[in-house]
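Here's the structure, in structure tokens; my notes come after.
The values are calculated or read from the model by the stated rules, or taken from the named source; none is laboratory data. Computed from a predicted structure; not experimentally measured. Cβ sites come from the backbone with ideal geometry, for glycine too, and all protein chains shown count toward neighbours. These accessible areas exclude ligands, DNA and RNA; they are computed on the full protein's heavy atoms, side chains included. Shrake-Rupley method; radii C 1.70, N 1.55, O 1.52, S 1.80 Å.
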2 protein chains.
Amino acid sequence: MTRLLIENGYFVTMDDDQPKFQGWMAVEDERIAALGEGEAPEEEKSLASAKLDGKGYLFMPGLVNTHGHAAMSLLRGLADDLALQDWLQNHMWPTEARYTGDDVYWGSALAAAEMIKSGTTTFVDMYDHMHRVAEVVERSGMRASLTRGVIGLCPEDVQKAKLADAIQFAKDWHGAANGRVSVMISPHAPYTCPPDYILKFVEAAHDLDLPMHTHMSETIAEVEQNVRDYGYRPVEHLDRLGMFGRPTLVAHAVHLNDDEIALLAERGVAVSHNPVSNLKLASGVARVPDLLKAGVTVSLGTDSAASNNNLDLFQEISMAALLHKGVSGDPTVVPAAEALRMGTLYGARSIGLEGVTGQLKAGLKADFIALNVDRPHFVPRTDYVSHLAYAARGSDVAHVWVDGKQLLKDGKLLTLDEEKIKAEAEACFRRLRG
Amino acid sequence: MTRLLIENGYFVTMDDDQPKFQGWMAVEDERIAALGEGEAPEEEKSLASAKLDGKGYLFMPGLVNTHGHAAMSLLRGLADDLALQDWLQNHMWPTEARYTGDDVYWGSALAAAEMIKSGTTTFVDMYDHMHRVAEVVERSGMRASLTRGVIGLCPEDVQKAKLADAIQFAKDWHGAANGRVSVMISPHAPYTCPPDYILKFVEAAHDLDLPMHTHMSETIAEVEQNVRDYGYRPVEHLDRLGMFGRPTLVAHAVHLNDDEIALLAERGVAVSHNPVSNLKLASGVARVPDLLKAGVTVSLGTDSAASNNNLDLFQEISMAALLHKGVSGDPTVVPAAEALRMGTLYGARSIGLEGVTGQLKAGLKADFIALNVDRPHFVPRTDYVSHLAYAARGSDVAHVWVDGKQLLKDGKLLTLDEEKIKAEAEACFRRLRG
């Protein structure tokens, strides 16, 4: 047993009972054991097997990135300033078709390195060759909800093989790495999977008792196509196919009408809001204040580095806090604390991990980060919740722990070899394009 | 004479003749002497009195922040998620009314520290006690265009004293610090200065042969009030008062109709676009693609840290590149290279410093920055223009030079005492609020 005592730090917990304070926190093995204001009690001091001086640091839950395609980090900056379908069909998909398992491994490792260094401890990943992504999760020490994203525009035998692959991945990896890996079931999107094929994923999710994840209503064109092809907008379409009978996380949900928002709320469907990607691809601006008002759980995702072009979730947090004020004309929507919840607690809730991660609270897994707040952009010490939402950047993160294990110390990765990853990722890119 | 030779770096120049390359640059005293692709010529090597290995670094012009109120960094995080007039009248102005010259000095020093560390080499500042801001510019080694921003809602004798202060400041400081300080003339805004008072500023600007700067059309309420009070929208109002007969930079310009955009273009008025501040205060989204299409020079400003809440111009660059795509629905507007020009060349052009700063080009002042690009979020090396616009953060800046003098080395300030500034700024804030 190890028991780490952190003293004299600032804490922002995302726990309403004690939201922020200057004080201490004790971590026993993989869990948060206790935390409180002021000086640590004598008993805590005597129990500690290790101590950390938290002076000048702010401790908060690790960030939860609820939508992405880690391996696409290899395509960062490859094609910008294009429309979604042009970008996907003419640039991303042709290059991705050449991906080997090794490309997925090194692309995902590059993403993991970037995410850890910018404070993300849990991420959702939807891609192919998922066992190679799971290897990165296992090795890096991160927490992740992984899912084989299946595009069903292919012959029936290929469809069958892809579905079998998704199911096998779930059987092999759900609960692995001391529970740090969980799995979801994912038809890629309503516009890339015929309805009868989506039904098979819903059935598999029921059989395996797993949640579902998909892209939904990212562009207006997709919504129109759905109505044309199937007679319904995507929300009703997926609901009729039974998807929302499972716990579901949908990515994007940019183009929703009032009825669709009400239905998502009623079915308990969570939304991964990806503001930077939605802006860059000109998909539009999701109705986040309306979704939150309706009681929908809205979390944050970077999407891939190919449409962002970084994986710094602090940028999504500040973007969420800023964008909806400017677009709605109401400066009170998505206040700082709510934007931070979207990046932490609501992220955990989106993927069934509330009570596991996303808060600093006794009993939860010790997934937390420390920001160096002894920097000009954190002065004066008016309100750290405001500073975290509006002034912070991922580069302020100095230390990261997941499951009680330290993954980043003074900005240096402890579980991954950054130099090797950068070199291998660069080589993969050259080979893919060469 | 000193002649620094930088070898083996990546260069993004903002000069259309040789926009980007891997190569070398020579800096003689305060100016860029020569630069080129590949290995430095033998002659350059023999001329050099000092050498710098640029491996792993990207060199680009220092950023130009064209609107802000540096001293308001003391108010960072004091009041968020409020409407502009509530925020100004009930939170900012009452606290600012208690500012002494020392508060302005330490608040501006805090801002200078943050700006240098995030790659800004030139900034526009509109405030009070401007000689204290000028002292910060002189000491820090930065370049700045400074202006006493005058609010004219006061008795005539106070109006006179304020105007006299603005004129005296211009006489004392324009061209000071080896030309690093230039001065503009600023009525604060059409809604805070009666028309006859604005006329006096126009006259002073003519007498002193200086450009003008003001806030304009930041909110829809201001535009409506202008029509109600004076019969014209702000652009026509200021044009009739003769302001646009001087070189003028207007901040915000969020609410413009087509005629106003055409008039700004015709008069050569530059716009400082402040997207983060405009979003946070829910002022709206400026018509930047239309302004650029009309030929208006659009540069970028952070506004103050009280409405942003940092001074990282890389965030404004990425926000400008992202926001207008999402809002217009056109993913091709404000492409990466244009967003970078807004943060550099167009910034210089906005304040009459094109040919002085804002580009890497032989003969220009040596105002440049080096980013550490040996980081996961800059991999793979697809396109550094894209990476700078979409993936970079101010924290990537390792070294900064202005006028050939190094101000930042490996992230450490060389001309300012960061520890003292943070402590003094915190103390100023406590006193202002206590």
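Things worth noting here:
- Each residue of segment A:405-417 is assigned a 3J(HN,Hα), and the resulting list reads 9, 7, 9, 9, 9, 6, x, 9, 6, 9, 10, 10, 9 Hz, derived from the Karplus form 6.51 cos²θ - 1.76 cosθ + 1.60 (θ = phi - 60°), x at Gly and Pro.
- With 19 Å as the limit on Cα-Cα distance, the pairs of A:Lys280/A:Lys422; A:Lys51/A:Lys405; A:Lys117/A:Lys420; A:Lys117/A:Lys280 that go past it are A:Lys280/A:Lys422; A:Lys117/A:Lys280.
- With R₀ set to 45 Å, the beta-carbon distance separating A:Asp259 from A:Cys154 gives a calculated FRET efficiency near 0.85.
- Accessible area of A:Asp29 in the full protein assembly, 1.4 Å probe (Å², nearest 10): 70
- Accessible surface buried by the B/A pair amounts to about 4600 Å², both sides summed, 1.4 Å probe.
- For the B-to-A rotation axis, chain B residue with nearest beta carbon and its distance in angstrom: B:Ser395, 2
- Accessible surface of segment A:63-350 [probe 1.4 Å, protein heavy atoms]: carbon and sulfur percent: 50
- Take the protein assembly as shown with all the other protein chains still there, run a 1.4 Å probe, and you get 33 Å² of accessible area per residue.
- Prolate/oblate/rounded call for segment A:63-350, Cα gyration tensor, a/c under 1.5 rounded: rounded
- Here is how far apart the B:Asn372 label points are across copies: 0.9 nm, shortest first, using a point 7 Å from Cα toward Cβ.
- By accessible area with a 1.4 Å probe, ligands and nucleic acids excluded, highest first: order of A:Ser277, A:Ser46: A:Ser46, A:Ser277
- For B:Leu52, the residues whose modelled amide H falls within less than 5 Å of its own, excluding neighbours fewer than 5 places apart on the same chain, are B:Leu5, B:Ile6, B:Glu7.
- Between helix A:130-140 and chain A: long-axis angle, C-alpha atoms, 0 to 90°, nearest 10: 10
- For the pair A:Trp93 and A:Tyr232, a Förster radius of 30 Å applied to the C-beta separation gives a FRET efficiency near 0.70, rounded to the nearest 0.05.
- Members of segment A:268-284 that become less accessible by 40 Å² or more once partner protein chains are added (1.4 angstrom probe, chain alone as reference): A:Leu279, A:Lys280, A:Ala282
- Whole-Hz couplings from phi, Karplus 6.51/-1.76/1.60, listed for segment B:309-319; x for Gly and Pro: 10, 9, 10, 8, 5, 4, 5, 5, 4, 5, 4
- Filtered trypsin sites (Lys or Arg not before Pro), segment B:33-114: DSSP coil and at most 14 other beta carbons within 10 Å: B:Lys55, B:Arg98
- Take every DSSP beta bridge whose two residues both sit in chain B; close to 45 percent of them are antiparallel.
- For the set A:Asp229, B:Asp367, the ranking by accessible area, highest first and with no ligand, DNA or RNA atoms included, is A:Asp229, B:Asp367 under a 1.4 Å probe.
- Estimated at the nearest 10 Å², the accessible area of A:Asp383 is 40 Å² with a 1.4 Å probe.
- Residues of segment A:297-333 buried by at least 30 Å² of accessible area upon assembly of all protein chains, compared with the chain on its own (1.4 Å probe): A:Asn309, A:Asn310, A:Gln315, A:Met319, A:Leu322, A:Lys325, A:Gly326, A:Pro331.
- Residues whose amide H falls under 5 Å from that of B:Arg375, counting only those 5 or more places apart or on a different chain, are absent, with hydrogens built in the peptide plane.
- In nanometres and ascending order, the distances from the B:Thr332 label point to those of the other copies are 4.3 (point 7 Å from Cα along Cα→Cβ).
- Of the whole protein surface, B:Trp93 contributes about 80 Å² of accessible area at a 1.4 Å probe radius.
- Near the amide H of B:Arg31, within less than 5 Å, lie the amide hydrogens of B:Ala366, all on another chain or at least 5 residues away, with H placed in the peptide plane.
- Each copy carries a label point for A:Arg240 at 7 Å from Cα along the beta-carbon vector; from one copy to the others these points are 5.9 nm apart, nearest first.
- A:Asn178/B:Arg431 FRET efficiency (R0 45 Å; Cβ-Cβ; nearest 0.05): 0.30
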